Amino acid sequence: MGSKRAGQRNWLGAVAVLLAALGSISCGGGTAGTSQTATTTSASLTLNTSSIDFGNVSVGSSKNGTITLTNSSASGGPSVTFSQVTAAGSSFTASTSALPIVLTPGVSSTITITFAPKSAGAATGSLSIVVAGAADPSTVSLSGTGLGAAQLAVAPAALNFGNVAVGSSAN
């Protein structure tokens, strides 16, 4: 009778662990918080941020930002593969090592995002990272403001002092 109860406890403990694991799975797509995790059926990819604000950048200039992706699976665990990185928004581009990138547990890779505003005003976009085995891509929100070229204006355009003798002054 004691071994039957021990077996039931082990079974119930296994169910509790399984439910807890299922409740903690996140497959990207969110932008809240400072980091996010894309979990496949057996591996986990962690992004160090969920958004990048490039601030003010002059039209004709550019500013870079980075995102670090880390395979946060336990040592000896499975590798994480991401096969596609796409920047959406006309002022944003992304660059990375040749794809696909395979990360073993504990290894990181960096994606560089460039904001080069084409016109003055607010710009928004997103970075999408396709992870093999994840239901949805991981996304990072991108924002920045393009500043127009500074203009100097002189008013009035001309001044007339009339006839002024050398060595004299006029207002």
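The values are calculated or read from the model by the stated rules, or taken from the named source; none is laboratory data. These numbers come from a predicted model, not from an experiment. With ideal geometry, Cβ positions are generated from the backbone for all residues, glycine too; neighbour counts draw on all protein chains shown. Heavy atoms of the whole protein, side chains included, go into the accessibility calculation; ligands, DNA and RNA do not. Shrake-Rupley method; radii C 1.70, N 1.55, O 1.52, S 1.80 Å.
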Hits in the stretch 113-144 - residues which are farther than 30 Å from Thr81 by Cα, touching a residue at least 60 places away in the same chain (Cβ under 8 Å) and open to solvent by 50 Å² or more (accessible area, probe 1.4 Å): Ser119, Ala120
How many residues of the stretch 85-120 are closer than 19 Å to Leu69 by Cβ and outside any strand (DSSP E or B)? The answer is 9
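In the stretch 55-77, what residues are touching a strand residue (DSSP E or B) at 6+ places or on another chain (Cβ under 6 Å) and either assigned to a loop (DSSP other than H, G, I, E, B) or open to solvent by 60 Å² or more (accessible area, probe 1.4 Å) (or both)?
Within the stretch 55-77, Asn56, Val59, Ser62, Lys63, Asn64, Thr66, Ser72, Ser73 meet the criteria.
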Given the structure, is Thr40 buried (at least 18 other Cβ atoms within 10 Å of the Cβ), within 16 Å of Thr110 (Cβ to Cβ) and either at pLDDT below 95 or touching a helix residue (DSSP H, G or I) at 6+ places or on another chain (Cβ under 9 Å) (or both)? no
Ala123 vs. criteria within 26 Å of Gly89 (Cβ to Cβ), part of a strand (DSSP E or B) and within 25 Å of the chain's Cα centre (by Cα): yes
